[in-house]
1. Roughly to the nearest percent, how much of the accessible area of chain B is carbon and sulfur, given a 1.4 Å probe?
2. Given the pairs A:K93/A:K170; A:K7/A:K93; A:K125/C:K47; C:K47/C:K253; C:K146/C:K174; C:K122/C:K174, which span a C-alpha to C-alpha distance of over 23 angstrom in this model?
3. Excluding ligands, DNA and RNA, what is the accessible area buried between chains B and A, summed over both sides, using a 1.4 Å probe, to the nearest 100 Å²?
4. Whole number in Å², please: accessible area per residue of the protein assembly as shown, 1.4 Å probe, ligands, DNA and RNA not counted.
5. When ranked by the protection proxy of mean other Cβ atoms within 10 Å per residue, highest first, what sequence do the peptides B:116-129, C:45-58 form?
6. Please report the spacing between the Cα centers of the range A:167-194 and the range C:140-200 in Å, no decimals.
7. Give, ordered by residue number, each residue of the range A:269-300 whose 1.4 Å probe accessible area is reduced by a minimum of 10 Å² on adding the remaining protein chains to the chain alone.
8. Using a 10 Å cut-off around each Cβ of peptide B:109-116, what is the average number of partner chain Cβ atoms that fall inside?
Amino acid sequence: MKYAAKKLCTLIITLFIVSLLAFLAFQVIPGDPTTQMLGTEATEEARAALRAELGLDRPVHIRYFEWLSGFVRGDFGTSYSYRIPVSDMLADKLPITFILTIMSFAFTVILSIPLGILAGSARSKVMDVIITVIDQITMSIPAFFIGILACFIFGNIFALFVPGDFVSYKESWGACLGYMVLPALSIAIPRVAMTVRMLRSSILSESDKDYVRTAHSRGNHRRAIMVRHVLKNALIPVITFLAVSAAEIMTGSIIIEQVFTIPGISRLLLTSISGRDFPVVQAIVVIIAAWIVIVNFVADLLYQLVDPRIRLK
Amino acid sequence: MKKKGNLFLYIGGTISGLMTALIILGFFWTPYSPTALDSSAKFQPPSAAHIMGTDNFGRDIFSRVLDGAGDTFIIALCVVAIGCVFGVLIGSICGYIGGVPDLILTRVCDSITAFPSFLLALVIVTILGKSTANIVLALGILFIPSFARTVRGEFARCRELNYIKSARLTGAGKFRIMFVHILPNTFSVLFTAVTIGFNNAVLSEASMSFLGIGIQPPFASLGSMLSDSQAYLHRAPWYALCTGAVIILLILGFSLLSEGLQRMNKGD
Amino acid sequence: MADILRVEDLRVHFKDAAPNRFAVDGVSFSIGEGEILGLVGESGSGKTVTAMSISGLLPRGKADVSGHITLDGSEILQCPEAELLDILGEELGIVFQEPMTSMNPVMKIGPQIEECLRVHTKMSKAQRKEFAIEAMMMAELDEPEKIYNRYPHELSGGMLQRAMIAAAIISRPKLLLADEPTTALDVTIQAEILQLLQRLNREYNMAILLISHNLHVVRKLCKRVAVMQRGKLIEDRPVDEIFNDPRHEYTQKLIAAIPTRDKKLY
């Protein structure tokens, strides 16, 4: 419990630092956002009025705390381009991106652990080459190309779905999740290959340890040794890797949404980047960063559940 | 075991060697001009005249792929070069001198690597604006930590070796020890880091260009071509397939190469 | 006295070794019920390979093994793996050299000690725990209830080796194979562990095969000693005879190498 409390403190401090960095990053940008919103022809009065409206006339540290307290309450500021609250713009889109992210993550975990164990049980030299080659090829395919291939094979050749024919979870959860299976798999496949590689090498190095010999000396069957002894030890580094994956998967979803025309935050993020609509980008970046920090927190908790040695430190 | 490690090295070396040769060829000569429009030859499937077919404007896809791969390749090289040079500088100082600068720089690098490089590149591009130079800069900065970390580890290890200690006793200067005595020892590890970094650069660049925030026209990139090709998936599947295959081969070659190098370094 | 363990003409050849270089070259010996046999030799003499052959832990793909090993009448060298697994932990308990690494770091001590019961019996969890506590008391571990829920990194090397012994004797095996059980421990703890092994042998009539490079350790515990050199068994006699009248030059050297207080320095 003490460990969890300590990690929770770290979590809050990290979130605070991340928010500060995200805020400051968008303060160093040269140029006045009001020029961009009103055009260069606007009068000085109009610009001052707009600045006051957006709160840009106050000192940086006050603006930061106002922005932060707004953020905590779910008020992400006002879009420069559309003059509407960013939270309204994100409300429909963010859940979709998160559903896709969580689904891809679930696929990654569900597929990679059994495959990793299978690959880790194969110790012959021939199998080593075969597994490594398959792994390398799978890792080399960018997720968005897997997505395109999936569209081509399942959309065009077999006509199992219509790319772009997305159904929101508000209408039908089943149809929504069904549509997301292929996008989620596209994101997951390269991650699965990486995780399998990681788990395999972890299993192979654990299998040579003394405690495995001890387990054998007690009459354990090979499978029991793997399940009861090796796996828990081998999973320790994989947990860290999966936490990193969760972050990468979130950015992966942003790309895949474009391939499958899923109305998540992707399009909004891209148009905001092109239109230099900073409050929107800022909000999305902070949300993604918060997600990453929270995933790492969960990984830390899992870590100490699996590895008793951590609790001492 | 040794022979097998080299198997990956051979195959990876062959693929990346061929790709590099083709790309270099593409700088000087392509079968057609990558931008030549030909309305009489739209959406032609692969044939002897157009080995990868033609696109929606009748442009030769093979020529465009060579051209795009060339841009991708150069961007990846620049990104790796930035990451490598600054990474080596920072890593060697941290690893050899240690102390407070080491602590600070390691923390900074750790916090940068905790976030997906893609996301940070997006932020940098948002702030600096979309341009090819900014992409290179953004990705280059993001690649520094991983190189710095690798080099730092090697320097910290080498610092304690006896021959370095004896070099110090003979009165060799800090920088001479760092760059004449230690640096060459890190080359094998560094080379692996370069191949992995190159792959990540290709992938990041392709992803960003795919989203339209990477290389801007008139430059072509494999990522933006793939994005274009998606609209014609039904009429001209070879467009997407050929472009994708080139990206895969580019990445696969270098990742097999790094696998082979890693196995060779481990000594199996 | 019936033989618990009988090793006949054991030959082990590793596949990557020179064709005529046998790791174990025609070794035969036996251990009677309740007897302690010391197997000594320098590193590379083949004593550990012999022990590994007995416990079936030699990687089957990497070594050619021939000869016969019978444990309490059943052949264990050429038997199918399933049969071997039935014997391991049930009739043969093994204690390894490095208690720190021989325990699974992420598993509590208790479940590791009672693992033999889990594999070989259908006991309930509570029953197993009862046996585990008893075995821990036999191995002279203080506060067994507490240690039961500890992890390996929370115990000292000596305590871990006692836990390893408790795990090895929980099913009351007929033979305990101790492979350098004290080498990794402090000298004072070494003596305690040796006393423990001796007591287990006396009170439960458990035969012990003690493998060591240390003749001094062997002399304390064993009545009979077998000496190995370069894969061959060169002496197999009562311990007093060997110490008083070592026949082989190699044995003489081994004895001379024991540091004692009263030995004259040449």
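The values are calculated or read from the model by the stated rules, or taken from the named source; none is laboratory data. This is a predicted model, so every value here is computed, not measured. Cβ atoms come from the backbone with ideal geometry, glycine included; neighbour counts cover every protein chain shown. Surface accessibility is based on the protein's heavy atoms, side chains included, excluding ligands, DNA and RNA. Shrake-Rupley method; radii C 1.70, N 1.55, O 1.52, S 1.80 Å.
1. Carbon and sulfur: 69 percent of the exposed surface of chain B.
2. From the list (A:K93/A:K170; A:K7/A:K93; A:K125/C:K47; C:K47/C:K253; C:K146/C:K174; C:K122/C:K174), the Cα-Cα distance tops 23 Å for A:K7/A:K93; A:K125/C:K47; C:K146/C:K174.
3. That pair hides around 3500 Å² of surface in total.
4. 45
5. With the highest mean Cβ count within 10 Å placed first, the list reads C:45-58, B:116-129.
6. Each part reduced to its Cα centre gives a spacing of 53 Å.
7. Buried on complex formation: A:L269, A:L270, A:I273, A:S274, A:R276, A:F278, A:V281, A:V285, A:I288, A:A289, A:I292.
8. The per-residue average across the peptide is 5.
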